[in-house]
Structures are given as C-alpha cells and as structure tokens.
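Input: a single structure, listed below in structure tokens.
The values are calculated or read from the model by the stated rules, or taken from the named source; none is laboratory data. Being a predicted model, the structure only gives us computed values, none of them experimental. All Cβ positions, glycine included, derive from the backbone under ideal geometry; neighbour counts span all protein chains shown.
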Amino acid sequence: MREGHRSRTRRAAGLTLAALAAAAPMGLADLAPGEPWALAVGLLGGLATLVALRARGNALGPRHVLDAALPLAGLAFLVLACFDPLALPDRVRWVTHPLAGAAGAVAVWGLHHLPGVTRGAWAAGALAGLVAGGLAAWAGFGSVVLLAPATILLSAWWAIREVPDPVRPGDDPLDSYFPWASVPARRAWPGLPEALLRAPATLGYLAVGWSVFLAWGEQTRDGFGLDQRAVEPFLYEIPDLTRAPLEAALSLATAPFLNHDLVQFVYVTALLALFGLAVEVREGTGRAAAVFLASGLAGAIAAGVLLHALVAALPDVAFFEEAWRRTWSGGSAGAFGLMGALASRARASWPLLGFFVFWEANVGWFYLQSYTPAFHLTALAVGFWIGRRWTPPDA
C-alpha cells in the first residue's frame with residue numbers, strides 16, 4: 001500500500017476516534033430520565049468485550065473488530081432513527097443504548113490499535129465531533145451521545161475498508177461466524193439493483209403488504225394501523241385452532257400479509273431488508289419463500305398449542321388471557337424464520353442465533369410485553385432447522 005494512502009487512513013481513524021470525546025459532553029445534557037443507566041449498561045458490556053479481546057491476544061485485529069461492531073451499531077441506530085417518528089416508548093432505550101455503548105467501546109479499541117494516530121488528528125476529530133453532534137441535535141435525531149459512536153464506526157470502517165488487518169492480514173478469524181463467508185466468487189453479493197431484481201418474493205411481499213396496510217389503514221389513538229373490523233375474518237385467533245379449525249386455516253394463510261400497525265410493519269420491513277433480502281439473493285426465491293411461509297406457520301401453530309396448554313393450566317393469569325383474546329397477524333414470525341435460515345449458513349451459528357435471541361428477549365421485555373416472542377423464537381428455530389438441511393446452493 002502506498003504510504004500516502006496509509007497516512008490518510010490513520011488520520012481518518014484519529015478523526016473518528018476523537019469525535020467521541022467531543023460529542024459525548026453535548027449529548028449528556030439531552031439524556032432522558034433513566035437513559036444514563038441504559039448507556040452505562042452498554043459501556044460496561046463494551047468493557048467486558050474489551051477484556052475478552054485482550055485475553056485472546058492476537059486472535060482479532062482492529063479491522064476485524066470494526067467489521068463485527070458495525071452491524072450491531074447499525075441495528076441500534078436504525079431503531080433510534082425510528083424512535084420519534086413511531087413514538088416508541090422510553091423503555092426501548094434499554095435495547096438501543098446497550099448496543100450502541102458496547103459497539104462504541106469495541107470500536108474505540110479497534111481504532112486505538114491502528115498505528116499513527118497523532119495529537120493533531122485528535123484535535124481535528126474533536127472539532128468534527130462538535131460540528132456533527134450539533135447538527136444532529138439541531139435536526140432532532142435524538143441524543144448526541146448516541147450519534148458519536150455511529151460517527152466513529154461508519155467513518156472508521158469507510159477509512160479502513162480496503163486496508164488489511166495489521167494483526168492478521170491474511171485470514172479473517174470472524175469468517176466462521178458470518179453466513180456465506182466461503183461462497184465462490186461467482187456467488188458474491190451483487191450490486192443493489194441486481195440484488196433487488198433477484199428478490200421478487202421479498203419485494204412482492206412488501207408491495208402487497210404495504211398496499212393492504214395503506215388501503216385498510218386508519219388513524220387510531222395509538223397511531224396509524226389496520227382497521228381491525230374490516231380485516232377481522234383474516235386475522236389469526238388462537239382459540240380457533242380447536243374452536244373453528246377451518247377459519248384458523250384461512251387466517252393462517254392471510255394473517256402474515258396483514259401487519260396490524262405502523263410500528264410492526266416498519267419493523268418487518270427492516271428485518272426483511274436486513275436479512276430476508278440476503279437469504280433470497282444467496283439461496284434463491286423458492287427457498288426464501290418456503291422458509292418465510294413454513295416458519296411463520298409453524299410459529300403460529302406452536303405458539304397456539306402452547307397457549308392452549310398454558311391457559312388450561314393457569315386460567316387466571318392475565319398475561320395469557322390477553323394473548324388468548326386478541327388477534328395475531330403480520331410477517332414478523334416469517335422474518336424471524338429467515339433470520340434462522342441466515343444463521344444456519346454460518347459455519348459457527350451460535351453467535352448469530354444468540355444475538356437474535358438476545359435481541360428478541362430485549363424487545364419482548366422492554367417494548368412488546370406480550371406473548372409475541374413465542375411466535376418469533378419458534379419461527380427462528382424452524383428457519384434454522386430448515387437451513388441446516390439445505391444442500392449448498394452450488395452443490
């Protein structure tokens with residue numbers, strides 16, 4: 001690599017590292033009640049990760065660490081971007097802040113180990129962080145203290161995306177934890193236009209789902225959502241499994257296309273864009289559609305059978321009674337099935353599966369507070385099981 005390019009890369013790393021120290025004090029003034037505790041949990045998680053990284057010696061280098069931290073932070077900031085538009089409750093910060101704090105701490109470790117960071121770069125990065133943080137606060141994107149790790153991660157990754165890792169320049173120790181890490185070059189990820197052309201099932205579902213949602217949607221006191229009276233015959237009710245099996249069969253075919261409110265459909269859209277699109281492009285439309293439908297169906301039936309048993313054994317528990325009375329719909333279970341299939345294509349699947357379960361547990365506890373995880377986790381397991389039984393696409 002030319003020395004000039006190496007020097008510019010190091011300066012860019014210094015700029016992004018210094019942004020944290022500059023932007024964080026600005027953000028502290030905007031923290032909501034309880035928010036410092038959520039961020040502290042993330043920072044402690046990041047420190048624990050740093051201890052583990054140091055214990056591994058040269059197992060991971062800074063480039064590898066940043067590659068792993070970027071998707072975690074991206075997921076946290078995707079939720080953050082939707083925080084105000086979707087009027088998410090404050091307790092959701094216990095999901096976003098720990099992820100952002102941990103990813104930011106890990107990113108600082110990675111950047112710190114890039115040689116050549118100068119004091120001048122730190123000073124320039126501090127100024128850049130103040131400007132970026134001020135603009136973010138003015139634009140209303142929430143707490144600046146969360147924008148600082150995002151600036152660090154994105155800028156650093158962009159600066160070193162083509163630079164070999166100085167610790168392990170030849171191989172990437174993270175390959176075994178990511179799906180399709182060893183696919184042939186001819187099956188490499190295409191450009192976005194080609195990827196969209198190769199994902200008709202994902203795009204078709206979103207087109208149909210959004211058309212139905214907008215056609216039968218209405219403004220309610222809780223936000224924009226489906227007119228439940230208009231679509232009630234097509235929504236899944238768990239008692240129908242034994243009370244009206246034919247109606248249950250019909251609703252199981254239609255409910256995945258009926259997302260009940262805006263928050264749910266934005267969430268489903270994000271999951272399909274992040275994971276469903278990748279599965280369809282890599283594995284083919286038939287496989288992706290089969291996983292989406294089969295895992296969603298299995299999740300709905302398994303959750304329904306389990307709830308029948310729970311209601312019979314614990315008839316006075318309000319949590320189960322509410323799940324028994326309400327309707328169920330949406331594509332989130334099928335999306336979790338695709339996430340399971342994606343995890344199955346990694347040689348070592350446990351980190352991805354563990355993260356998906358951790359994510360669902362946090363979303364269920366801090367936001368959903370309902371029986372929904374029974375659908376999602378069952379679908380995740382079914383999608384993983386199906387994916388493990390596929391032959392490689394090129395076999």
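Couple of notes before you dig in:
- Meets criteria (farther than 21 Å from PHE292 by Cβ and in contact with a helix residue (DSSP H, G or I) (Cβ under 7 Å, 6 or more places away or on another chain)) for PHE224: yes
- Residues of segment 355-369 that turn out to be closer than 19 Å to PHE384 by Cβ and modelled with pLDDT under 90, as a count: 6
- Residue identified as within 22 Å of GLN228 (Cα to Cα) and either crowded, with 22+ Cβ neighbours inside 10 Å or in contact with a His (Cβ under 8 Å, 6 or more places away or on another chain) (or both) among ALA288, ALA341, ALA333, ALA323: ALA333
- Answer from ARG243, ARG287 - the residue that is more than 30 Å from ALA346 (Cβ to Cβ) and of a type in the set (Lys, Arg): ARG243
- One residue from GLY337, GLY383 being at pLDDT 95 or above, in the same structural domain as ILE238 (by TED's automatic domain parsing), over 24 Å from PRO239 (Cα atoms) and not hydrophobic (A, V, I, L, M, F, W, C): GLY383
- Enumerated helices (runs of 4 or more DSSP H) restricted to segment 324-391, each holding at least 1 residues that are of a type in the set (Val, Ile, Thr): 350-363, 372-388
- Among the helices (runs of 4 or more DSSP H) confined to segment 210-322, the ones with at least 2 residues that are at pLDDT 90 or above and under 29 Å from the mean Cα position of the chain (by Cα) are located at 245-254, 262-271, 277-283, 285-313.
- Every pair of residues 6+ apart whose Cβ atoms lie under 8 Å, when the first sits in segment 367-385 and is farther than 18 Å from ARG325 by Cβ while the second is at pLDDT below 95 and of a type in the set (Lys, Arg): TYR367/ARG91
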